[in-house]
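Read the structure below first, then the notes.
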Amino acid sequence: MNSPYAYHHYIDAMIHAGMKEEAYRKMKEYWGGMLEKGADTFWELYNPENPEESPYGGIIVHSFCHAWSCTPAYFLKQYFSKQ
């Protein structure tokens, strides 16, 4: 699993399985890992074990502000904010 797309569904499944704390930790670890690498937006693909990984042969053609980047904001608002 190396994409925010896959992690979105993984975290969603964890939340719906009653694993909110684990989901929050994984979300912080995955998207937070991009921030620790200097990201100011979230990337199309991020492999914490190999940040240079790319399905395109090089990260120069990645989207560095990808649509699935909104996942943390969605989950934080939907499941982790005080209503």
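The values are calculated or read from the model by the stated rules, or taken from the named source; none is laboratory data. What you see is a predicted model, and the numbers here were worked out from it, not measured in a lab. Here Cβ is always computed from backbone atoms with ideal geometry, including for glycine, and neighbour counts include all displayed protein chains.
Within the stretch 50-72, the set of residues being loosely packed, with under 10 Cβ neighbours inside 10 Å and not polar (S, T, N, Q) comprises Glu52, Gly57, Gly58, Ile60.
One residue stands out in the stretch 23-49 among those that are surrounded by fewer than 16 Cβ atoms within 10 Å (Cβ to Cβ) and of a type in the set (Asp, Glu): the one that is farthest from Thr71 (Cα to Cα), namely Glu49.
Which of the residues that make up the stretch 1-16 are over 8 Å from the mean Cα position of the chain (by Cα) and buried (at least 16 other Cβ atoms within 10 Å of the Cβ)? Asn2, Ile11, Asp12, Met14, Ile15 - these are the residues of the stretch 1-16 that are over 8 Å from the mean Cα position of the chain (by Cα) and buried (at least 16 other Cβ atoms within 10 Å of the Cβ). Six or more apart or on different chains, Cβ atoms under 7 Å: show the pairs whose first residue is in the stretch 45-60 and at pLDDT 85 or above and whose second is acidic (Asp, Glu). What qualifies is Leu45/Glu53; Asn47/Glu53. On the stretch given as the stretch 61-83, residues that are among the aromatic types (Phe, Trp, Tyr), within 17 Å of Tyr5 (Cα to Cα) and at pLDDT 85 or above total 2.
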